[in-house]
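Asks: Handing you a structure now.
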Amino acid sequence: MEVLRVENLAKHFPILGGVLQRTVGYVYAVNDVSFKVEEGETHGLVGESGSGKTTVGRMIVRLIDPTSGKIIFDGEDVTKIKGNKLKEYRRKVQMVFQDPYASMNPRMTVKDMLFEVMKIHGISRGSEYERAVELMERVGMSEEHLYRYPHELSGGQRQRVVIARALSVNPKFIVLDEPTASLDVSVQAQVLDLLKELQDKYRYSYLLITHNLSIIKYISRRTTVIYRGCWVETAETQDLFSDMQHPYTQALISAVPIPDPTVKRNKIILKGEPPNPVEPVKGCPFSDRCPYVMDICREKVPPTTDVGKGHLVRCWLKK
Amino acid sequence: MLLKVEDLRVEFHTYRGTVHALNGVTFDLDKGEVLGLAGETGSGKSVTALSIQRLLPPNARIVSGKIIFDGIDLVKLSEEEMEKIRGRRMAAVFQDPHTYLNPVFKIGRQFVDILKQHDPDVINSDKKEKVAREKAIQMLKEVKMPAPERVMEMYPHELSGGMKQRVLLAMAYSLKPDLIIADEATTALDVTIQAQVLEIMKELQKKSNISIILITHDLGIIAENCNRVAVMYAGRVVEFGRVTKVLVDPKHPYTQGLIRALPRTDKEVKPISIPGTVPDLVNPPSGCPFHPRCQYAMDICKEKVPEYREIDGVRVACFLYGR
């Protein structure tokens with residue numbers, strides 16, 4: 001069952017200039033992103049820096065409002081909800097940010113943090129402490145950690161606490177924005193396994209936002225690739241890796257270094273620089289750097305082609 | 001052999017106490033070789049790089065050990081003598097290029113100033129400015145910078161991260177040093193841009209037979225670009241040898257664990273974490289620094305620091321291979 005769907009989501013941030021602070025242009029952060037997430041599954045959103053993936057995440061949790069497009073959660077349009085409805089939505093849809101230290105108050109203990117969130121949403125009134133202990137155990141930590149301050153925890157532990165805080169309000173959907181980017185590889189797998197385990201047990205749905213394709217491959221069931229704020233390909237993760245269709249996806253996957261010197265392959269080295277988000281997208285977002293670019297690519301937005309099993313790609317080559 | 005680091009020990013004095021950052025680092029680098037220094041946060045990769053350049057901060061001290069660069073022990077050199085080596089004979093490219101470019105001067109100005117300071121061809125010419133400018137443009141072409149003449153007139157903030165990194169690479173390369181140290185030089189870049197920069201680095205290296213020390217936490221980068229690799233843990237090199245051996249058939253339990261912990265794009269694997277966390281180097285563990293996290297730890301591992309053993313051409317510091 002589908003839990004979340006975004007349709008043609010866009011966000012253009014105005015650039016203010018001059019004495020009167022008038023809008024002199026826009027940063028085209030997100031231009032056209034659509035995908036859907038099934039209940040209890042992980043959907044990967046992959047793109048490079050500036051592709052708009054974090055902005056998409058922030059729109060989904062309604063930290064910022066989209067310029068256009070729709071966010072449908074549980075069959076209901078939540079793009080413009082306000083007040084108590086929004087508060088309830090935010091309980092159901094939680095977010096875990098990249099830098100756990102930056103999303104904690106350095107003067108609060110873990111216990112204070114968990115209590116605060118539960119109080120705001122009126123969860124486990126009277127039995128907050130028991131719930132806090134239970135949450136710590138859920139993320140593989142213990143009661144004693146409740147009395148720690150953020151600086152007394154390791155990076156991996158901080159990420160667990162932030163995850164525990166997100167879980168404290170019984171969410172249904174969690175946006176994970178680069179959840180392991182601040183961790184060393186030797187502990188990264190612990191956090192990934194924890195996320196998987198929690199999903200198996202409690203059927204959480206995740207949107208995993210990352211630039212790291214190996215993590216996507218390990219934990220996402222479906223994946224959407226975005227470039228310049230536009231989705232270019234979406235598929236079951238297995239199909240995406242075995243049968244990538246879009247030239248950008250091909251270049252992206254081929255650029256990931258493989259830690260095995262016996263693997264020999266041809267790398268696609270893209271020419272050109274990363275896109276400038278101040279310029280609006282015309283035609284295919286990848287046309288500036290695409291090795292197969294044709295005239296039409298610069299003029300018209302490519303149509304969506306289904307190559308089978310819901311593997312969608314937007315490229316003129318596939319038409 | 002261009003560089004030989006021998007039993008290097010470095011301490012930092014902090015308010016928390018003495019941090020034992022390097023506890024006997026040993027490796028060597030041949031002429032024209034690309035050597036990888038791999039390890040996680042706090043393993044001592046960057047401190048090793050800074051020590052080689054003698055750029056350690058004032059609260060750090062080289063306690064003992066040797067850094068033999070082309071026959072000279074750099075540890076013994078005065079700051080003035082070191083200045084003649086830095087830039088001309090060894091150069092560095094760091095993770096955050098914007099920190100190393102002055103935001104208020106154009107790229108061209110900064111590049112020309114470096115050449116006027118260090119490049120003998122420029123210093124000995126009577127048209128310094130013109131010669132330096134031409135050479136700078138030439139160097140920007142070598143790193144495949146689009147429109148180098150225009151880039152000369154740009155300020156750092158007008159360039160993307162990948163372009164800034166190429167500018168720094170061009171600057172480092174322009175003096176034809178014997179050694180370039182690239183400290184997480186592509187970490188902040190997107191993978192597609194990272195691939196570009198690494199490709200350029202490889203080309204320059206092949207063309208002029210420069211030695212490179214590539215410092216990174218990404219074993220993939222090491223596998224694809226290095227001849228040999230030194231795997232560091234808690235301020236020591238635990239395994240050192242050819243990439244085709246160390247990454248294919250790792251001997252040290254830490255190297256084995258590190259490789260197993262990686263999710264992969266090229267095959268189905270279940271990554272497995274190494275239990276525990278990196279040791280606190282104010283109070284490093286006794287004996288082998290990895291023993292608290294090692295599944296094979298024996299009594300002796302807690303008591304004594306393992307010496308290097310050579311197995312199959314790979315140097316490994318672990319009691320599993322004899323004591």
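Asks: Given the condition farther than 30 Å from B:GLY39 by Cβ, of a type in the set (Ser, Thr, Tyr) and either away from every other protein chain (no Cβ under 11 Å) or buried (at least 24 other Cβ atoms within 10 Å of the Cβ) (or both), answer yes or no: does some residue in region A:167-175 qualify?
Replies: Yes, region A:167-175 contains a residue that is farther than 30 Å from B:GLY39 by Cβ, of a type in the set (Ser, Thr, Tyr) and either away from every other protein chain (no Cβ under 11 Å) or buried (at least 24 other Cβ atoms within 10 Å of the Cβ) (or both).
Asks: Can you find even one residue in region B:275-282 that is among the acidic types (Asp, Glu), more than 26 Å from B:GLU33 (Cα to Cα) and either within 9 Å of chain A (Cβ to nearest Cβ) or surrounded by 16 or more Cβ atoms within 10 Å (Cβ to Cβ) (or both)?
Replies: Among the residues of region B:275-282, not one is among the acidic types (Asp, Glu), more than 26 Å from B:GLU33 (Cα to Cα) and either within 9 Å of chain A (Cβ to nearest Cβ) or surrounded by 16 or more Cβ atoms within 10 Å (Cβ to Cβ) (or both), which makes the answer no.
Asks: To continue, here is another question. From the set of residues in region A:260-294 that are hydroxyl-bearing (Ser, Thr, Tyr) and more than 14 Å from chain B (Cβ to nearest Cβ), which is nearest to B:GLU203 (Cα to Cα)?
Replies: Looking at residues that are hydroxyl-bearing (Ser, Thr, Tyr) and more than 14 Å from chain B (Cβ to nearest Cβ), I get A:TYR292.
Asks: Looking for whichever is under 23 Å from the mean Cα position of the chain (by Cα), basic (Lys, Arg) and within 14 Å of chain A (Cβ to nearest Cβ) here; the options are B:LYS176, B:LYS207, B:LYS164. Which one fits?
Replies: Answer to the selection: B:LYS164.
Asks: Okay, moving on. Out of the residues in region B:235-266 meeting the condition of being without any contact (Cβ under 8 Å) to a residue 24 or more places away in the chain and at the interface with chain A (Cβ under 9 Å from one of its Cβ atoms), tell me which one is nearest to B:LEU281 (Cα to Cα).
Replies: Selected residue: B:ALA261.
Asks: Here is a follow-up. In region A:181-193, which residue that is at the interface with another protein chain (Cβ under 10 Å from one of its Cβ atoms) and among the hydrophobic types (A, V, I, L, M, F, W, C) is farthest from B:LYS270 (Cα to Cα)?
Replies: A:LEU183
Asks: Looking at region A:295-314, is at least one residue within 13 Å of chain B (Cβ to nearest Cβ) and either of a type outside the set (Ser, Thr, Tyr) or assigned to a loop (DSSP other than H, G, I, E, B) (or both)?
Replies: Scanning region A:295-314, I find no residue that is within 13 Å of chain B (Cβ to nearest Cβ) and either of a type outside the set (Ser, Thr, Tyr) or assigned to a loop (DSSP other than H, G, I, E, B) (or both), so the answer is no.
Asks: If I ask for residues that are surrounded by fewer than 21 Cβ atoms within 10 Å (Cβ to Cβ) and away from chain B (no Cβ under 14 Å), which ones from region A:206-220 would you list?
Replies: Scanning region A:206-220 gives no hits.
Asks: When you scan region B:187-198, do you find a residue that is of a type in the set (Gly, Ala, Ser), within 22 Å of A:ARG289 (Cβ to Cβ) and without any contact (Cβ under 8 Å) to a residue 12 or more places away in the chain, even just one?
Replies: Yes, some residue in region B:187-198 is of a type in the set (Gly, Ala, Ser), within 22 Å of A:ARG289 (Cβ to Cβ) and without any contact (Cβ under 8 Å) to a residue 12 or more places away in the chain.
Yes or no, residue by residue, for (1) modelled with pLDDT under 95; (2) more than 30 Å from B:VAL151 (Cα to Cα); (3) in contact with a helix residue (DSSP H, G or I) (Cβ under 9 Å, 6 or more places away or on another chain); (4) crowded, with 16+ Cβ neighbours inside 10 Å:
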| position | (1), (2), (3), (4) |
| --- | --- |
| A:TRP231 | no, yes, no, yes |
| A:THR237 | no, yes, yes, yes |
| A:GLN245 | no, yes, yes, yes |
| A:PRO261 | yes, yes, yes, yes |
| A:ASN266 | yes, yes, yes, no |
| A:ARG289 | yes, no, yes, yes |
| A:ARG314 | no, yes, no, yes |
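Asks: Check region A:242-252 and report whether any residue there is under 14 Å from the mean Cα position of the chain (by Cα) and within 14 Å of chain B (Cβ to nearest Cβ).
Replies: No.
Asks: Sticking with this structure for a sec: A:GLU137: more than 13 Å from every other protein chain (Cβ to nearest Cβ), farther than 30 Å from B:GLY42 by Cβ and surrounded by fewer than 20 Cβ atoms within 10 Å (Cβ to Cβ), yes or no?
Replies: In short, no.
The values are calculated or read from the model by the stated rules, or taken from the named source; none is laboratory data. These numbers come from a predicted model, not from an experiment. Glycine gets a Cβ as well: all are built from the backbone with ideal geometry, and neighbour counts include every protein chain shown.
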